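The structure appears right after this line, and notes come after that.
The values are calculated or read from the model by the stated rules, or taken from the named source; none is laboratory data. On a predicted model such as this, the values are computed, not experimentally measured, just so you know. No Cβ is skipped: glycine too gets one built from the backbone with ideal geometry, and neighbour counts run over all protein chains shown.
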Amino acid sequence: MTDSAATPEPRSFDSGRGRLAYPDAGSGEPLVLLHGGLPDHRSWKTNSPPCCPSTG
């Protein structure tokens, strides 16, 4: 995990059924937020600062 609050570091991994991308930001224990349907990671933008102050 990076300590950069400005721009999350893009990461990805191969799940065996496709490549999944995720931003890596902040510090401390990992917190995984999942979304469904059409939204992407931007749907968590308003929730990230309360959950992860170092990303706000």
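The table that follows gives values for the structure above.
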read-out	value
Among (1) assigned to a loop (DSSP other than H, G, I, E, B); (2) at pLDDT 75 or above - the single one Pro10 does not satisfy	(1)
Given (1) over 10 Å from the mean Cα position of the chain (by Cα); (2) at pLDDT 80 or above; (3) surrounded by 10 or more Cβ atoms within 10 Å (Cβ to Cβ), index of the condition Ser54 fails	(2)
